[in-house]
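The values are calculated or read from the model by the stated rules, or taken from the named source; none is laboratory data. All figures in this text were calculated on a predicted structure; none of them were measured in a lab. A quick note on method: Cβ atoms are made from the backbone with ideal geometry, for glycine too, and the neighbour counts reach across all protein chains shown.
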Amino acid sequence: MAGHRKTRKGKQTTTILVVRVFAIILLCLGLFVAFRYYRRQALQKEQIRQAELAKQEAAAKLLRQKKAFIQKVGPISQNVDKGTGLLPSITIAQACLESNYGQSALSQKYNNLFGVKGTNPNTSAVMTTKEYSNGKWVTVKARFQIYDSYEASIRAHVRLFQQGTSWNKDQYKDVLAAKDYKSQAKALVTDGYATDPDYSTKLINLIEQYNLNKYDN
């Protein structure tokens, strides 16, 4: 009987040992899974933080580029537009919008800020552009004028409004008659300068966003 009790006691001890070992293994496994989970969560949060930081840095860099462009063309427009009837704020906003703040290939390669077309192969270049036609944007190839500086481009821009088009010298009379930037922006669409129906709204938003009307004083 004593031997039987010892055997049973030994089995119980073994069982308890196995249970303890199994419990320790489960605990270790649980800790490992928890560690992996929280580590993955931490990595994901860090990736999100880094992505947001990169996004903020890119936005800050873009804003600096935009302001640098405005600071460059602002004084030029203020000087060239003086006494012409065309408000500098409108010229600057147009330059920003049409050249993507000087980042377009046309403005970078040929100083053409306003997408002015050309006909003479010696003073123009063929490039791809987007135009608003029949209610949608389409990609076309066209010949654009080459300028030797931003100032030359802005002076040509002013002459267009003063002299009109070859078929109508008074094409932009409403633009030049307007005395504030909102009226002048709307007149650009009325007088047929832009085909984009939202053109005047875009200009007004740009002027107000960057306080461009300070150049009108």
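Looking across the stretch 125-171, the residues that are under 12 Å from L113 (Cβ atoms) and among the small types (G, A, S) come down to S149, A152, S153, A156. Of the helices (runs of 4 or more DSSP H) lying entirely inside the stretch 81-178, none contains at least 2 residues that are in contact with a His (Cβ under 7 Å, 6 or more places away or on another chain) and of a type outside the set (D, E, K, R).
Can D196 be described as charged (D, E, K, R), closer than 16 Å to Q94 by Cα and part of a loop (DSSP other than H, G, I, E, B)? So D196 passes the test.
Just one of the numbered conditions (1) within 17 Å of S153 (Cβ to Cβ); (2) free of Cβ contacts under 8 Å to residues at least 40 places away in the same chain; (3) in contact with a strand residue (DSSP E or B) (Cβ under 9 Å, 6 or more places away or on another chain) is not true of N112: (2). Before we move on, is A95 modelled with pLDDT under 95 and surrounded by 11 or more Cβ atoms within 10 Å (Cβ to Cβ)? Judged against the criteria, A95 is not a match.
May I ask you to verify whether K130 is touching a Phe, Trp or Tyr at 6+ places or on another chain (Cβ under 9 Å), closer than 22 Å to Y199 by Cβ, surrounded by fewer than 14 Cβ atoms within 10 Å (Cβ to Cβ) and not β-branched (V, I, T)? When the stated conditions are applied, K130 passes them.
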